[in-house]
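What follows is calculated from the coordinates using simple rules that are stated; it is not laboratory data. Predicted, not measured: the structure shown is a model, and the values here were computed from it. Counting neighbours? That spans all protein chains shown, and the Cβs are built from the backbone with ideal geometry, glycine included.
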């Protein structure tokens, strides 16, 4: 049902599809900022897999990519969202 609605919106209301895509990006980006803040507050070693694709980190690793299932949703064109020497 949801995929049918998405298809209808993309085909018939492209501006709404664009707005929804932008909102999703902003929400994922802000949630990732919160995750990063929590990781840094733990003062533990952070092992980061950059460009990890659509997967969650395992065995102490944190994944970062522009996919929906990674731990941190981040566009690397904006640089790494961590302070120097924190990862």
Which whole-number percentage describes the relative contact order of the range 2-78, with Cα contacts under 8 Å and a sequence gap of 6 or more?
19
Of the peptides 22-35, 67-80, how do they stack up when ordered by the mean number of other Cβ atoms within 10 Å, highest first?
67-80, 22-35
Pairwise label distance in nanometres, residue 47 with residue 6, each label 7 Å out on the Cα-Cβ vector:
3.2
Of the candidate values (i) 46, 24, 11; (ii) 31, 13, 10; (iii) 18, 16, 12, the one computed for semi-axes √(5λ) of the Cα gyration tensor in Å from this structure is (ii)
Please give the FRET efficiency for residue 17 paired with residue 76, using the beta carbon to beta carbon distance and R0 = 30 Å, rounded to the nearest 0.05.
0.75
Using alpha-carbon positions, what is the distance between the centroids of the range 54-72 and the range 1-44, in Å?
16
If I model a spin label as a point 7 Å beyond the Cα along the Cα-Cβ vector, how far apart are those points for residue 84 and residue 33 in nm?
2.3
